[in-house]
Amino acid sequence: MKKIITIAIVAVIAILYAFTAKENATWTIDKAHAKLGFSATHMMVSEVEGWFKNFDAKITTSNPDFTDAVVEMTAEAKSINTDNEKRDNHLRSADFFEVEKYPNITFKSKSFKKLDAKNYKVTGDLTMHGITKVIDLNAFCMVATHPMTKQTIAGFKITGKIKRSDFKIGSSMADIIVGDEIMLLANAEFFKD
């Protein structure tokens, strides 16, 4: 009788474990369908937009609704592009990003909080220009099955704001020339490995 009870207990534990055990899934960015951008106010009257040409990102999660997701992103600072070579070279210089000294911009999430069916608040560490700050981002997510590859894909639109002064970028540049508040906008498609 003891043996049967022991076997039954082990079987119940195994079944419960099977239902509660989570397997981490990795979502890889589809670089052909991704853009990491920003905008800054110029002379208080217009917006200058730019993006980073070279970046990579991945999401690791065990929940299909991303509530335990960890997002990691790395961008190459010297790949900054605003469609103006003179301005881009200035942004790469010691006046702004100092790309030779600080070649990478990184982000790693600490929390991925679901607000409703498609919206999330993402909080994490942004490291730029040798300084790390906790920032909050808004993420809008759609999940689908790719009609040709049959892979599960997820699209994210990420928005947020940072202050360049928090990262000591362009410290000698007056806010009237380049606004201190920088708008972040990223669109990225990921596929589940």
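A short reminder: the numbers here are calculations on the coordinates, not readings from a lab. Everything quoted here is computed from the prediction, not taken from an experiment. Because the Cβ atoms are built from the backbone with ideal geometry, glycine has one as well, and the counts that use them run over all protein chains shown.
Things to note:
- Normalised by the number of residues in segment 46-163, the average gap of Cα pairs under 8 Å and 6 or more apart makes the relative contact order 17 percent.
- The distance linking segment 46-61 with segment 76-141 is 7 Å (Cα centroid to Cα centroid, whole angstrom).
- Derived scalar couplings between HN and Hα for segment 89-101 equal 5, 5, 5, 7, 6, 5, 5, 10, 7, 6, 5, 6, 7 Hz in order, rounded to whole Hz, by the Karplus curve 6.51 cos²θ - 1.76 cosθ + 1.60 (θ = phi - 60°), x for Gly and Pro.
- Each helix, a run of at least 4 DSSP H residues, gives -39500 (n - 2.57); summed and divided by the residues of the chain, these come to -4500 deg cm²/dmol at 222 nm.
- Using a Gaussian network model of the chain in which every pair of alpha carbons under 10 angstrom is joined by a spring, one finds that among P64, P103, P147 the greatest mean-square fluctuation is at P147.
- For the set K133/K168; K53/K157; K163/K192; K114/K163, the pairs lying more than 22 angstrom apart at their alpha carbons are K163/K192; K114/K163.
- In this Cβ point-charge picture (+1 for Lys and Arg, -1 for Asp and Glu), the chain has a dipole of about 840 debye about its Cα centre.
- In Hz, Karplus ³J(HN,Hα) per residue of segment 105-118 (6.51, -1.76, 1.60; θ = phi - 60°; x = Gly, Pro): 10, 10, 9, 9, 6, 10, 8, 9, 8, 7, 9, 7, 4, 10
- Prolate/oblate/rounded call for segment 62-101, Cα gyration tensor, a/c under 1.5 rounded: prolate
- Folded to 0 to 90 degrees: helix 2-20 orientation relative to the chain principal axis, Cα: 20 degrees
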